[in-house]
Every structure is written in structure tokens, then in C-alpha cells.
Amino acid sequence: MARYLLLAGLACFGMALLPVAPAAELYKCKGDNGETVFSDQPCAGGETLPLRETPTFEALPKPTPLPPTSAAGKPKQQVINYKLAISKPAAEEVIRDNEGRIGVEGSVSPMMDEDHRVRLLLDGKQVGELAQAPSWTLDEVDRGEHTLVIEVVHKSSGKVFASSPSSKFMLFRTSAGQTPNGAGGVPTATGYANGASWPGSGMAPQPGDPAPPAPTKPTHTGPRK
């Protein structure tokens, strides 16, 4: 009896290891000596035991690592250490232009990110449009001393990533009360460098120069004729 039970158990275990078609069935029958027999063939008075497929699992794809995130949960952007400089106008340069036109040139290194732009500040205020290259032409700049700064900013948020050292220049323009040769106008503190003087005899008057001193009449000491 024990032998038959062992054989039946081994047969059941062996069939469990074999691949089974989805529609296959197992029959539980009684042997000649009353032992339990499992078979894939139907038998009189036997019990049908439906077989289920052994579930299979596919390996999940390896997840793509996410970029490092900040405390706020947003992806960190690569930090670029930009170096900016203004080459035109030169520092402390004196410019004469009656239309107030100033050309500004600068440099940015390394190459900017595609989402970054440069902007120009004149006396602390943005002038012109955001640009992909540090080059601008300004019109109608007021006479006097001015300060220039260029910055690298994000094109959408305006976040500042780097700034250049400030650069100063002086602009001379002819005022409304001055004639082209400078006569008729009185120099004021605005727009004129300290200690400005009328050009020497070998220099031609320039627009915006102070007016020459008015000639004085000669003084006679003797009796008039």
C-alpha cells in the first residue's frame, strides 16, 4: 500500500513539473487494491481534477535613473560659471556723438546654454532686447556719465546667472542752446568733464565744447581825439 501511494505521489509531482496544455485535465481514480491513482485518462467512477497553467512572469524593464533633484523636487540645472566683460566702449572712454548713439560690445565665455540670453543694463536699467550675443546699438543716450553692465539671464524667468564688472563712459552731445561751433552756449556740470576748456589755437572747435570767453574792449587812458 505504501508503495502504491509513493508511486502515486511521484507521478503527481512529475506531472506538476511537466508543461501542461491549457485544456488538459487530471483524473483521480481508485486502483485495484483501493489505492488512489492519478491519470490523464478518464476512469470509471473517477474524479476530474482540472489543471491550471503555471503563471509565468516577465522581467520588468530596468528603470531609467532620474536626474538629481533639489529640495523642492525639481531637476537641478547644471551650473555654468560664466565670465563676462565689456570691450566697447572702453572703460572711462569719452565719446562725442550728437545723436547719442553708442555701440556696445562684450564677451561671454563659455558658450551660453540654449535657454540663456544676455541683457544690457544702462545705469541699472535694461535697454534693448535680450540677445544671444553681447552686441547692441543704443540711440538717444543722454549726455553725461553712464554705467554699463551685461548679464546672463534665463530667457523666460529672467533669473540672473552672471554679471560683468561695471564700465563707465562719458558722452558729449550738443545741447539745444549750443551752435555747432560751441558759441552761444554755457557749459554746465551735466555732460562736461571737470576742467574742460576751450581748444587751443591749433585745434578746431568741436560740438559740445564750452563757448570761448567773450572779447573785451581795450581800455584807453589818454584823452579821446
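Nothing in this text is a laboratory measurement; each read-out follows from the coordinates by a stated rule. Treat the numbers as computed from the prediction; the structure is a model and nothing was measured. Note that each Cβ is placed from the backbone with ideal geometry, even for glycine, and that neighbours are counted across all protein chains shown.
Structure notes:
- If you plug the beta carbon distance of residue 87 and residue 140 into 1/(1 + (r/R0)^6) with R0 = 22 Å, you get a FRET efficiency near 0.45.
- Within straight-line cross-link reach of residue 28, aspartates and glutamates at Cα separation under 17 Å, skipping those fewer than 8 residues along the same chain: 40, 47
- Here the dipole of segment 83-172 is about 200 debye; that uses its Cα centre as origin and unit charges on the Cβ of Lys and Arg (positive) and Asp and Glu (negative).
- Restraint check, 88/159; 62/83; 62/159, Cα-Cα greater than 31 Å: 62/83; 62/159
- Formal net charge of residues neighbouring residue 162 (Cβ-Cβ distance under 9 Å; K, R +1; D, E -1): 0
- Restricting segment 85-129 to GluC sites (Glu not before Pro) that sit in a DSSP loop and have at most 10 other Cβ atoms within 10 Å of their own Cβ leaves 92, 99, 114.
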